[in-house]
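Written out below as structure tokens is the structure these notes cover.
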There are 2 protein chains.
Amino acid sequence: MNAEHPENQGPAVAYGKNRAVVDYVGPQVDCGRFPIKRAAGETVTVVAHAFSDGHDHIRAEILYRKRQQSEWAVQEMTYEVDDEWSASFKVLELGEYLYTARAWVDHFATWQSDLRKKLEAGQNITVELQMGAELILAAAATAEPDDARKLREWARTLQSPDSLARASDVALGETLTQMMRKYTDKSLAVTYDKELAVVVDRPKAVFSTWYELFPRSCGQGGKHGTFHDCERLLPEIARMGFDVLYLPPIHPIGQTNRKGKNNSTLAMPDDPGSPWAIGSSLGGHKAINPELGSFEDFQRLIGKAGEYGVEVAMDLAFQCSPDHPYVKEHPEWFRWRPDGTVQFAENPPKKYEDILPLNFETDQWQSLWEELKSVVLFWIGKGIRIFRVDNPHTKPFIFWQWLLDEVRRDYPDVIFLSEAFTRPKVMQRLARIGFNQSYTYFTWRNTKWELEQYIAELTKTEIGEYLRPSFWPNTPDILPQYLQYGGRPAFIIRLLLAATLSASYGIYGPAYELCVDQAIEGREEYLNSEKYEIKQWDWDARGNIRAVVERVNRIRRQNPALQSIRNIELYPIDNEAMLCYGKMTEDKSNIIVTAVSIDPHHKQSGWVRLPLHKMEIDPRRPFLAHELITDDKYIWQGEANYVELDPRIMPVHILRIHKGLRRESDFDYFM
Amino acid sequence: MNAEHPENQGPAVAYGKNRAVVDYVGPQVDCGRFPIKRAAGETVTVVAHAFSDGHDHIRAEILYRKRQQSEWAVQEMTYEVDDEWSASFKVLELGEYLYTARAWVDHFATWQSDLRKKLEAGQNITVELQMGAELILAAAATAEPDDARKLREWARTLQSPDSLARASDVALGETLTQMMRKYTDKSLAVTYDKELAVVVDRPKAVFSTWYELFPRSCGQGGKHGTFHDCERLLPEIARMGFDVLYLPPIHPIGQTNRKGKNNSTLAMPDDPGSPWAIGSSLGGHKAINPELGSFEDFQRLIGKAGEYGVEVAMDLAFQCSPDHPYVKEHPEWFRWRPDGTVQFAENPPKKYEDILPLNFETDQWQSLWEELKSVVLFWIGKGIRIFRVDNPHTKPFIFWQWLLDEVRRDYPDVIFLSEAFTRPKVMQRLARIGFNQSYTYFTWRNTKWELEQYIAELTKTEIGEYLRPSFWPNTPDILPQYLQYGGRPAFIIRLLLAATLSASYGIYGPAYELCVDQAIEGREEYLNSEKYEIKQWDWDARGNIRAVVERVNRIRRQNPALQSIRNIELYPIDNEAMLCYGKMTEDKSNIIVTAVSIDPHHKQSGWVRLPLHKMEIDPRRPFLAHELITDDKYIWQGEANYVELDPRIMPVHILRIHKGLRRESDFDYFM
């Protein structure tokens, strides 16, 4: 396959004649070590850098196949610019596809091009026509009988031309060109020396809208909430436009070292404990906290949610309370201290006495890995296909790579979301080794510069090929300062940024819609956090932003441009408190421009510059900018257009751009 | 070596415990497919991205060796930022070195760091000290007897501390730390899965100053010049500061289709023909045109040049005149046309009737390759170690890769300069597969934007690791428009740009020093080009710039900062007609700032901003900027300093920055 290294060649007699070079094929992640990611139905646009020595014409094509197939499909590449070629293929099935590219010298095309130049320069072409005839006869020798006959006829015309003009018309004509392309000689084709992979997930891996909810807080009358109570809330969750309902761990909660309110080390008898302190005498990762309901109740919730188009996602937190059955059954999976106690989780000086980490350096790592895999398969067996993985960066990368590969082999529809709020390279590695979605730093990116830099990093670098961002304005662990200080407009701004910048986003509710902004003094943690106590929220509390949530999620569903993040383009706007960006579908039938004021306090305005040529909009004609939140309509024209946003009214415009408005009757649309 | 792929592991019992990750090691070229380049004595600074899960401390080290050695040398890496580590090693011998990196979790360092935090938080550390003792005892078990005894003693101190304070002093003390570093457990170290290569050339591959001279034009009294005549010019060439004397082909020149003056297809009987039309009845690539002299004369020239510190470089033009012996002896190496003639070189509609290309697609490519290799070895046998390769991009890449590898195996001191004025990816590929130096687009980069972009591309991207630019303001083929229109100042500007931007540069002389600017109308070719006729130059002609050439080359020799290109930094200057850039040695003992006006017509001035912090200069103190061409001295202070350049005087400042000037006595230096 590789012409670059003599030792990799087939018969020695051929390799020295391999003049084409395929220097690069992309997209590729980490030199091809890891696959790129796509969703079923998406397109992979392959780029190759290919050329030959001299001025010879070459051709190039991509080869692609599902990994388990043995035959390559082939797609001719188009020359773009600067020795770069491109071609696309659609990925339709879940699983893994491979792709690469090859190139070869096209002597006939080279000959045609030279002939054309010589004709233009008025040079004698008699001998050239003879040479062309030789090429045609060589092709005829490999052609099907009918084609061979035609080719030989054309060769004769070139060999003994009635007129040079007619002969050169034939030589350069489309029919002969097509036929010669068909029988092009690929025997000296050079194939790129790597086969690259693309993992194809279901579309929800790209476009999803998450709602995090503590089921125990869904009860009424002060009672511990149940799966049954969650069912009651499903219509509202669906109405707000969420399609993933993510539940914190639903397993029995440990008693030993249980945390009380506000993470106190002293729990009161009725404190429910943190759901992440998994395991008690009632069971561990394969059990359900009976206060929430039975397995039957859980599966009914999954079913009901499905009826509303909502999928239930589970938390995968591979850690144990001191009461977890593993501690007795598998003491070898834990780290024991010289005083005979099990090592609890620490990030000194912070202590998590209610949680024991698993010791992945145990000699018994193989049984540990198998057990953890069995946990995933257990819940897959109950109907779960989405897992939000808690702190994956505190378990070995090599473990995740193995686990995700193992699970995906049989269940390519499973989605794993990486909750790794940690250093950039660690987050990126987790995404590369197989997580389908990733929490991001969006939670702390507030200023225009920060947001623009971060969006560019996520979408315009190699990262965009493998890390699918999930934007979370809040989580039970994080109430960012921006939300603490900005009031209701801040909650609207961060929601709309998340929902329009990223294709996947989520909120921890109802704390979010209710604009809960009380933190522990000087911290980014909720005061009276739901992690340590049961809440009963008043979903209809004054000032809630449910209507905005419902509206933006509807806009996301109705506008395919918003269902991707990689299509985002930042547009200049002359105000440091404002951000503007656009997303378009590939066919440009759906164009959404979002303008956001990131100032929750003051009215802001600015002039945005739109790339009308990319939108295929005539700068000399007016066009319609339809504001989708308020249903306002603006007539805009040219690149520069004015936007004014008042946080007390609505700090965001989501504008659908209509290209039309050419004929007078179009004006009826909005008058 | 590789922890990432289970199948590459050693015993299955270990791989699951390999928690460290080495994500990337660099520099690397094309994913490690090709080596980076260095000169003997230079440093390779290796960067690794390495981390582990959790908050564990890791350590990392580079492994490096000469390819033929079996043992790795080891060098501990330093943590820089963002999970990036670095370490350096020097390459002293010619040939190839390999390097990679590995990382492992350092449990003792993690333990120390946690202990420190717990102490600061006032937590009880009794059990922690026990755990530390366990780690120390484990190290003792692997230590040399003396060290083991010390380690066990420390362990005892931690196990039964007289006082916690003293025990923690021991635990965190430098002595124990160093000892534990020495016996760190690398059994779970993870090594990056690629071994990267660096090719080490002799220093001239990096820093060289070329003078291209047609020996046949060195005669006197109208006679055909000889090697003997060249000898006469050596003192002046050396005085001007050149260390490579590059001769166009010295072989017999064909008679058939010989070109006349100005590339005319009609040669007069006394026209000498193009030296690139190689081969006649007198011989081919292994023969010398007897009009130039004998082999003895040639080797005497090589010897004499050596005495002046000048090395003779030969042209390697793998093509033939129709009279070349190969045509009869090896007709299979040429392309034959249906009319029985050999195909001559073409780039339609241009024809090179005096030159036949070799047909690398011949079935006899193996004998052709061997013959061409024997040509190189033949001249190596005559004492040649530098080849300027003519149009390498018109021969297969795979051939060059083989040839250069073959030659370099036995002669690692040979330097090949690629004369490929062609598309970017082709030029880059040639550099990657082994050419030591490369002609560049500098010849046509005239404006500030062009030059700054190009310098950044050449030095701040992966290209800088493998492509060593050679800057040529002119060649016998190219008289750029800038030189045609700018007069003598243009010649000075382009010379000084080449000499100060790049570590290697060359001129085609004496046409350059004499400011010959007459081109064929509307072309970039010399009128009455020396390629087709014998010249006898008046080296002392009025207006020549030999004094400037001599001065700039002396400055290059005396200032090591100018002997590299990768150390260049562009500095802002607020004038679009001016360029400013600096180069420093690693130890900052030599700092050169160059300011150039690229306007050959008008006086220009501007304020340059110097990065004083990088120069380690105190912005509150004056410093000395010593102009090395004119010997003028300026007292500068702060970042912003004024530069004024008049093309009628000298359009360039080459300033050596002296950091001193702190005490009054320093002022004596320039007063």
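Please return the ranges of strands (runs of 3 or more DSSP E) entirely within region B:519-613 where 2 or more residues are within 30 Å of B:P203 (Cα to Cα). Filter on region B:519-613 gives B:569-571, B:578-584, B:591-597.
The condition (being surrounded by fewer than 19 Cβ atoms within 10 Å (Cβ to Cβ), farther than 30 Å from B:G32 by Cβ and of a type outside the set (S, T, Y)) is satisfied by just one residue among B:Q481, B:Q453: B:Q481. Would you mind stating whether A:A305 is in a strand (DSSP E or B), at pLDDT 95 or above and under 26 Å from A:W539 (Cβ atoms)? Judged against the criteria, A:A305 is not a match.
If you go through region B:335-369 and keep only what is of a type in the set (A, V, I, L, M) and within 13 Å of chain A (Cβ to nearest Cβ), you end up with B:V342, B:A345, B:L358, B:L368. Given the condition under 46 Å from the mean Cα position of the chain (by Cα), surrounded by fewer than 17 Cβ atoms within 10 Å (Cβ to Cβ) and not aliphatic (A, V, I, L, M), answer yes or no: does some residue in region A:158-173 qualify? Yes. Among the residues of region A:3-40, those identified as modelled with pLDDT under 95 and more than 10 Å from every other protein chain (Cβ to nearest Cβ) are A:E7, A:N8, A:G10, A:P11.
Could you tell me which residue of region B:53-67 is nearest to the chain's Cα centre (by Cα), considering only residues that are within 14 Å of another protein chain (Cβ to nearest Cβ) and crowded, with 24+ Cβ neighbours inside 10 Å?
Here the answer is B:A60.
In region B:34-52, what count of residues is obtained for those that are free of Cβ contacts under 8 Å to residues at least 60 places away in the same chain and either on the phi > 0 side of the Ramachandran plot or crowded, with 20+ Cβ neighbours inside 10 Å (or both)? Total meeting the criteria: 5. Candidates in region A:495-537 are the residues that are acidic (D, E) and within 19 Å of A:L247 (Cα to Cα); of these, the one that is surrounded by the fewest Cβ atoms within 10 Å (Cβ to Cβ) is A:E533. Condition first: under 32 Å from the mean Cα position of the chain (by Cα), of a type in the set (F, W, Y), facing chain A (nearest Cβ under 10 Å) and crowded, with 16+ Cβ neighbours inside 10 Å. Can you find one or more residues in region B:370-389 that meet it? Within region B:370-389, not a single residue is under 32 Å from the mean Cα position of the chain (by Cα), of a type in the set (F, W, Y), facing chain A (nearest Cβ under 10 Å) and crowded, with 16+ Cβ neighbours inside 10 Å. Of the set (1) away from chain B (no Cβ under 14 Å); (2) part of a loop (DSSP other than H, G, I, E, B); (3) surrounded by fewer than 21 Cβ atoms within 10 Å (Cβ to Cβ), all apply to A:D323 but (3). Restricting region A:392-427 to residues that are more than 10 Å from every other protein chain (Cβ to nearest Cβ), assigned to a helix (DSSP H, G or I) and under 19 Å from the mean Cα position of the chain (by Cα) leaves a set whose member that is farthest from A:K373 (Cα to Cα) is A:M427. So is B:Q437 more than 14 Å from chain A (Cβ to nearest Cβ) and either touching a helix residue (DSSP H, G or I) at 6+ places or on another chain (Cβ under 7 Å) or of a type in the set (S, T, N, Q) (or both) or not? Yes; evaluated as a whole, the condition is true for this residue.
Tell me, please, whether a residue that is under 30 Å from A:E550 (Cβ atoms), out of contact with any strand residue (DSSP E or B) (no Cβ under 7 Å at 6 or more places or on another chain) and β-branched (V, I, T) can be found in region A:144-163. Taking every residue of region A:144-163 in turn, none turns out to be under 30 Å from A:E550 (Cβ atoms), out of contact with any strand residue (DSSP E or B) (no Cβ under 7 Å at 6 or more places or on another chain) and β-branched (V, I, T).
Applying a threshold of 9 Å to beta carbon distances and a minimum spacing of six or more residues, or different chains, the list of pairs starting in region B:315-344 at a residue that is under 21 Å from B:I250 (Cα atoms) and free of Cβ contacts under 8 Å to residues at least 60 places away in the same chain and ending at one that is of a type in the set (S, T, Y) and assigned to a strand (DSSP E or B) reads B:P325/B:S280.
Number of residues in region A:257-283 that are crowded, with 17+ Cβ neighbours inside 10 Å and either free of Cβ contacts under 8 Å to residues at least 40 places away in the same chain or hydroxyl-bearing (S, T, Y) (or both): the value is 3.
Reported count of residues in region B:78-128, each being farther than 30 Å from A:F397 by Cα, among the β-branched types (V, I, T) and within 12 Å of chain A (Cβ to nearest Cβ), is 2.
From the list B:V81, B:V91, which one is touching a Gly at 6+ places or on another chain (Cβ under 9 Å), aliphatic (A, V, I, L, M) and within 28 Å of B:D193 (Cα to Cα)?
Going through B:V81, B:V91 in turn, the sole match is B:V91.
Taking A:Y508 as the residue in question, decide whether it is among the hydroxyl-bearing types (S, T, Y), in contact (Cβ under 8 Å) with a residue 60 or more places away in the chain and out of contact with any helix residue (DSSP H, G or I) (no Cβ under 8 Å at 6 or more places or on another chain). For A:Y508, the condition - among the hydroxyl-bearing types (S, T, Y), in contact (Cβ under 8 Å) with a residue 60 or more places away in the chain and out of contact with any helix residue (DSSP H, G or I) (no Cβ under 8 Å at 6 or more places or on another chain) - is met. For B:A139, state whether it is surrounded by 15 or more Cβ atoms within 10 Å (Cβ to Cβ), part of a loop (DSSP other than H, G, I, E, B) and more than 14 Å from every other protein chain (Cβ to nearest Cβ). Answer is no for this residue.
So, in region A:225-239, how many residues would count as being surrounded by 23 or more Cβ atoms within 10 Å (Cβ to Cβ) and not small (G, A, S)? Here the count works out to 2.
Against the numbered list (1) closer than 21 Å to B:R551 by Cβ; (2) surrounded by 16 or more Cβ atoms within 10 Å (Cβ to Cβ), B:D632 comes up short only at (2).
Please state which one of A:T209, A:T256 is part of a strand (DSSP E or B) and at pLDDT 95 or above.
A:T209
Test A:S70 against the stated conditions and say whether it is outside any strand (DSSP E or B), more than 12 Å from chain B (Cβ to nearest Cβ) and either within 24 Å of the chain's Cα centre (by Cα) or without any contact (Cβ under 8 Å) to a residue 12 or more places away in the chain (or both).
Working: outside any strand (DSSP E or B): yes; more than 12 Å from chain B (Cβ to nearest Cβ): yes; either within 24 Å of the chain's Cα centre (by Cα) or without any contact (Cβ under 8 Å) to a residue 12 or more places away in the chain (or both): yes.
So A:S70 fits the description; yes.
Looking across region B:606-655, the residues that are under 32 Å from the mean Cα position of the chain (by Cα) and polar (S, T, N, Q) come down to B:T630, B:N641.
The values are calculated or read from the model by the stated rules, or taken from the named source; none is laboratory data. Owing to the predicted nature of the structure, the values given are computational and were not obtained by experimental measurement. So basically every Cβ, Gly included, is an ideal-geometry build from the backbone, and we count neighbours across all protein chains shown.
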